[in-house]
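Read-outs: derived from the displayed coordinates by stated rules, not from any lab. Please read these numbers as outputs of a predicted model, since none were measured by experiment. In this analysis, Cβ positions are derived from the backbone assuming ideal geometry, glycine residues included, and neighbour counts consider all displayed protein chains.
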Amino acid sequence: MNKEVNTFSHVSVMLHECIDALRIDPKGIYVDCTAGGGGHSYEIVSRLTEGRLIAIDRDSAAIEAAGNRLSPFSDKVTLVHDNFLNLSDILEGLGINKVNGVLMDLGVSSHQIDTADRGFSYMKDAPLDMRMNREDSLTAYEVVNRYSEEELRRIFFEYGEEKYTPKIVSAILKRREESPIETTGQLVDIVASVYPRRHDEGHPAKRVFQAIRIEVNGELDIISPAIKAATDALDIGGIVAVITFHSLEDRAVKNEFSALARGCTCPPDFPVCVCGNKPKLKVLNKKPILPSAQELESNSRSGSAKLRTAIKI
Ligand SMILES: C[S@@+](CC[C@H](N)C(=O)[O-])C[C@H]1O[C@@H](n2cnc3c(N)ncnc32)[C@H](O)[C@@H]1O
């Protein structure tokens, strides 16, 4: 077992809320799209008798760690190293037609952030990487050193909501004319150098790191197609549950749930529906479920978490 797997640590967020929301049928088939350290997966599979769990993660270290954690239930678990965007193909490859529940616990694990050489953290000096799947080709290094001024501005504004974007981008462009920006530490110094000395935005590099991570892993673009694929895979009465960690993700989940609950895609001024699309989901909680006061106190990472759930109709 490699060291990274051996030391995998991640405290699952809103564990009991997710398990309650999924209304687990002991004979059902469930998909954990973001297995991570296997925390949610463990609680799901331990409630199954004849059922089955498909545990997916795009990070091979997570798949290995989840495999270890779930080993007591190995006859009921199928581990898949893939992007959950490929859910339809994954299920087809396994000969599964319909499932009873799908969970997505989006974003990165504490383990990924805490493993310095993955380059996710602005607190640890490391090569600029940030890939969840280390077989992917796009790295943070490519984004920081090769993206045009317009592309950098777009991702810092859109994915980081960073108000000092123009100054930060200018500083990056100036610096990379001299030599490539190789490490997270160098990037942090560049961002910090243009930030006002007094500000109340937390760590200056927080939003830039979030933006680059979202870009490297295509995190926002996959939410809508992945929820559509999950909805198609669900049997009637099956549940889709999604945990998000920032407003951009939560908005994407909320919008996709609303679109699938509406069904009809005709323009609002059409007198009658001509598209014929019927609602596929019913949203179960209009407002997102939030972590309890107790969880907020014991796990700071849960601070920004929101859980949205819907049922297939
Ligand atoms: C917040 S952690 C999940 C933690 C897990 N629920 C637990 O209890 O241990 C998110 C995980 O999702 C994985 N992930 C993120 N986006 C993914 C995607 N598009 N496809 C597959 N895995 C993804 C990450 O690699 C990471 O391991």
For residue 123 and residue 206 in one chain, what is 0.36 nm times their gap in residues minus the Cα-Cα distance, to one decimal in nm? 28.9 nm
Only Cα pairs under 8 Å and at least 6 apart count here; give the relative contact order of the chain as a rounded whole percent. 17
Points 7 angstrom from Cα along the Cβ direction at residue 161 and residue 137: gap in nanometres? 3.4
List the GluC sites (Glu not before Pro) within the range 31-77 that DSSP assigns to loop and that have no more than 13 neighbouring Cβ atoms inside 10 Å. 50
Treat each spin label as a single point 7 Å out from the Cα along the C-beta direction, and report the residue 179 to residue 78 distance in nm. 5.1
Unsatisfied cross-links (Cα-Cα over 26 Å) in the set 124/287; 163/286; 124/163; 76/254; 254/278; 27/280: 124/287; 163/286; 76/254
Only helical DSSP H runs with n ≥ 4 go in: add -39500 (n - 2.57) per run for the chain, normalise by residue count and round the 222 nm mean residue ellipticity to 500 deg cm²/dmol. -12000 deg cm²/dmol
Roughly speaking, what is the stretch gain from residue 272 to residue 11, that is 0.36 nm per residue apart minus the C-alpha to C-alpha distance, in nm to one decimal? 89.0 nm
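Please compute the net charge surrounding residue 49, taking Lys and Arg as +1 and Asp and Glu as -1 over other residues with Cβ under 14 Å from its Cβ.
+1
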What is the local net charge at residue 173, summed over the other residues whose Cβ is closer than 13 Å to its Cβ (Lys, Arg +1; Asp, Glu -1)? +1
Just going by the charge dipole of the chain, with Lys and Arg at +1 and Asp and Glu at -1 on Cβ, which of 21, 222, 68 is farthest out on the positive end? 21
The range 122-217: C-alpha gyration tensor shape, a/c 1.5 cut-off, then a/b vs b/c: rounded
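In terms of the ratio Rg/(2.2 N^0.38 Å) built on C-alpha atoms, what value belongs to the chain?
Details: Rg = 20.6 Å, N = 313, 2.2 N^0.38 = 19.5 Å.
Cα-based Rg divided by the globular estimate yields 1.05.
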Residue-span extension gain [residue 264 to residue 145] - 0.36 nm each, minus C-alpha spacing: 38.5 nm
Dipole magnitude of the range 162-233 about its Cα centre (Cβ charges: Lys, Arg +1; Asp, Glu -1), debye to nearest 20: 340
Unit charges on C-beta of K, R, D, E only; dipole of the chain, Debye: 900
Could you size up the charge dipole of the range 122-217 around its Cα centre, putting +1 on the beta carbon of Lys and Arg and -1 on that of Asp and Glu, and report it in debye to the nearest 20? 320
Which order results if 123, 132 are arranged by neighbouring Cβ count within 10 Å, fewest first? 123, 132
